[in-house]
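Each remark here refers to the structure printed beneath this line.
The values are calculated or read from the model by the stated rules, or taken from the named source; none is laboratory data. Please read these numbers as outputs of a predicted model, since none were measured by experiment. Ideal geometry is used to build each Cβ from the backbone, glycine not excepted, and the neighbour counts take in all protein chains shown. Accessible surface areas use protein heavy atoms only, side chains included; no ligands, DNA or RNA. Shrake-Rupley method; radii C 1.70, N 1.55, O 1.52, S 1.80 Å.
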Amino acid sequence: MNKFMETAYKEALDGVCKKHGGPFGAVMVKDNKIIAKGHNEVLLRHDPTAHAETVTIRKACKKLNTIDLSGCVLYVTSKPCPMCKGAIQWSRIKDVVFSGDYEDAKKLDFDDLLFSDGFDEEDDHWSQVDQEHFDKLINAFESCRKEIKY
């Protein structure tokens with residue numbers, strides 16, 4: 001077994017044994033060294049965004065003092081869900097290595113395809129109001145943009 005995937009697997013087992021959430025673990029690697037690891041903490045934190053990937057991304061960003069994780073490799077025990085894929089893209093992680101896929105997760109009632117199939121469609125319960133106020137936010141951001149480092 002790949003040594004980084006083995007660490008992710010152990011993280012997932014640790015989370016399951018502690019009843020923190022689903023059987024998912026992740027490890028962030030940079031320059032062939034583990035810089036962060038985590039497991040699903042959805043139940044522990046009462047936070048539906050506390051997936052193994054987001055927990056690990058947050059730890060890695062804190063450790064490296066940056067939101068740009070380009071050059072890192074994320075090892076995860078299952079293919080990332082749409083939310084985690086977004087977090088991976090926003091943190092500029094290019095390489096992701098996973099073990100289980102969506103069909104494997106579905107066997108445990110984690111059906112990520114329910115979310116991704118209609119991902120580009122607007123939700124029937126979403127509505128847009130007061131868009132002109134967002135224009136003011138755009139102007140405020142633009143006026144401070146040089147001081148805000150992304």
TODO: Mind listing just one residue for me: the one in region 25-39 that is farther than 16 Å from LYS10 by Cβ and basic (Lys, Arg) and, of those, least open to solvent (accessible area, probe 1.4 Å)?
DONE: LYS30
Open item on the list: For region 91-150: of the residues being assigned to a helix (DSSP H, G or I) and among the aromatic types (Phe, Trp, Tyr), which is modelled with the lowest pLDDT?
Closed with: PHE115
Open item on the list: Here is a check on your reading of the model: is GLY22 over 16 Å from LYS63 (Cβ atoms), open to solvent by less than 20 Å² (accessible area, probe 1.4 Å), in a loop (DSSP other than H, G, I, E, B) and touching a residue at least 12 places away in the same chain (Cβ under 8 Å)?
Closed with: yes
Open item on the list: Being out of contact with any Ser or Thr (no Cβ under 7 Å at 6 or more places or on another chain) and under 18 Å from PHE110 (Cβ atoms) is true for just one of GLU41, GLU6. Which residue is that?
Closed with: GLU41
Task: Search result, residues across region 41-67 that are open to solvent by 10 Å² or more (accessible area, probe 1.4 Å) and either in contact (Cβ under 8 Å) with a residue 40 or more places away in the chain or in contact with a Phe, Trp or Tyr (Cβ under 6 Å, 6 or more places away or on another chain) (or both) - done: ILE67
Task: Contacts under 6 angstrom Cβ, first residue in region 101-115 being open to solvent by less than 60 Å² (accessible area, probe 1.4 Å), partner polar (S, T, N, Q) and modelled with pLDDT of 80 or more, 6 or more apart - done: ALA105/SER78
